[in-house]
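Here's the structure we're looking at; comments come further down.
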Amino acid sequence: MKEVLPKQNWRKDIVNINLLLVLYILQGITIGIASCIPLLLALYGSPWKELGTFSFSFWPFSLKLLWAPFIDSVFIKKFGRRKTWIIPLQLLTGLAMILLSFYISFLLTERKIYILTIIFFALCFLTSAQDVAVDGWALTLLSKENVGWAGICNMGGLSFGRLFAFCLVLTLGSTEFSNKYIRRFLSLKEHPYELVSFSKFLLFCGSVFLLVTALIILCKREQLQQDTENAKIDGLYDTYSDVFKLFKKSCVRQLALISLTYTMGFAATFSMTNLTLVKNGVRTQTIGLMDIPLALIKVCVTFSTTRCMAGSKPVTVLLFCYIPRIFTGLLVLLFVHLTPQFSQPFQWYYYLILVSVLALNEIFHYSMMVALIAFFAQISDPKIGGTYMTLLNTVNNLGLNLSSTITLFVA
């Protein structure tokens, strides 16, 4: 008999929903900072091969299944199953950002690709490990009827955090943009330097990480019985065994195969669009500005589809959006390919068409992403919640990162 979920009542989980949003926003900030690096490297003349090398920085999101069972099963009971990991991981991320702020300018201008790749691989590792803990915590922080909000908080928080970091670095981090659109508008004296340097932004973000972590330590008490209400928490060996047992299920293998391969048709659009635009003459600050309406669309899509995603049929949205996303991706590739045919400086109608095509593609892209995460949250077992969610997300990320890295090396 089909299980009927209780009627949603998000208001009773409003505090925990906001907590999840904050935690996912912090993850989005790290991803947004890392996403700026390829564009800045392209601005300094890095070829596709160097950009392909840096793309390995994002691979921890595809490998986190290796450490997810450890995070799920090893913890300090008195401190809390999820806080045991979230607190130190966020502290390390904040301290790493503060330290990096003193060296980022040199590493970028000198194109120290391997050092940058190692540093951001480490940052993405910390973020991916935190993601495991937060994903698992979401399954117990939210009541059963509101568990679909985990996907909404995930995509909404990641989108906002990435928008904040990505746009601020590429716009206010540009001397030309700062003088032309900020200082001149405010009748301030123009200066030969940016309004907010990358190093100062890293210092600020690192401080925010430390502040939020301190507030979580002081203000949020984790209840262990939330995790153990219906099942005993497995040990480390049992958790890894559960992962292998999952793959014995034909439905899990089928879902893994679909998650691993369905992103192949979107790899070029996902990994090369912004980089190709920069190489074709579009300024990085312009791309940062274009990301604002695109990110707003992502957030609107995330929250406007709440009823479908938090309900019982998120897969319906995923299937409905697949073919339209393929079609809009082809439109994006065609328009980017024709960019050199437009005379520079690019006129307003060029940007209008570009943003419209990208926005159409993002609507279907984010609808699919939110639907997929909401579906993963619904079918995950809270007993190994972080590992279960991570298994499904890892296969999906692995397919995307593998196809993106291959695309950059082949280009």
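The values are calculated or read from the model by the stated rules, or taken from the named source; none is laboratory data. Quick caveat: nothing in here was measured; it's all calculated off a predicted structure. Heads up, the Cβs are rebuilt from the backbone with ideal geometry, glycines too, and the neighbour counts pull from every protein chain shown.
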Enumeration of residues in the range 369-387 that are at pLDDT 70 or above, out of contact with any Pro (no Cβ under 8 Å at 6 or more places or on another chain) and part of a helix (DSSP H, G or I): MET369, ILE373, PHE376, ALA377, ILE379
Positions within the range 64-82 being assigned to a helix (DSSP H, G or I), touching a helix residue (DSSP H, G or I) at 6+ places or on another chain (Cβ under 7 Å) and either surrounded by fewer than 21 Cβ atoms within 10 Å (Cβ to Cβ) or polar (S, T, N, Q) (or both), in sequence order: LEU65, PHE70, SER73
Count - residues of the range 180-212 that are polar (S, T, N, Q) and farther than 24 Å from ILE37 by Cβ: 1
In the range 83-93, the residues that are touching a Ser or Thr at 6+ places or on another chain (Cβ under 7 Å) and either at pLDDT below 90 or surrounded by fewer than 23 Cβ atoms within 10 Å (Cβ to Cβ) (or both): ILE87, LEU91
Residue within the range 132-144 that is within 27 Å of ASN18 (Cα to Cα) and of a type in the set (Lys, Arg) present: yes
Neighbours by Cβ (under 9 Å, 6+ apart or cross-chain): first from the range 129-144, under 16 Å from GLY28 (Cβ atoms); second among the aromatic types (Phe, Trp, Tyr) and modelled with pLDDT under 80: ASP135/PHE376; ASP135/TYR388; ALA138/TRP149
Residue in the range 157-167 that is out of contact with any Cys (no Cβ under 9 Å at 6 or more places or on another chain), in a helix (DSSP H, G or I) and among the aliphatic types (A, V, I, L, M) present: yes
Conditions (1) in a helix (DSSP H, G or I); (2) in contact with a Lys or Arg (Cβ under 9 Å, 6 or more places away or on another chain); (3) touching a residue at least 60 places away in the same chain (Cβ under 8 Å); number of the one not met by LEU51: (2)
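Answer yes or no: is there a residue in the range 120-132 that is more than 17 Å from VAL212 (Cβ to Cβ), in a helix (DSSP H, G or I) and of a type in the set (Asp, Glu).
No, that holds for no residue.
Results for (1) within 25 Å of THR171 (Cα to Cα); (2) at pLDDT below 90; (3) in a loop (DSSP other than H, G, I, E, B), shown as yes or no for each residue.
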| site | (1), (2), (3) |
| --- | --- |
| THR286 | yes, yes, no |
| LEU319 | no, yes, no |
| PHE335 | yes, no, no |
| HIS365 | yes, yes, no |
Residue match in the range 94-113 (condition: buried (at least 24 other Cβ atoms within 10 Å of the Cβ), in contact with a helix residue (DSSP H, G or I) (Cβ under 7 Å, 6 or more places away or on another chain) and modelled with pLDDT under 90): no
Of all residues making up the range 31-51, the number that are among the hydroxyl-bearing types (Ser, Thr, Tyr) and touching a helix residue (DSSP H, G or I) at 6+ places or on another chain (Cβ under 6 Å): 1
Qualifying residue in the range 93-111 (condition: more than 26 Å from ALA42 (Cβ to Cβ) and among the polar types (S, T, N, Q)): no
Filter result for ILE182 (assigned to a helix (DSSP H, G or I), at pLDDT below 90 and not charged (D, E, K, R)): yes
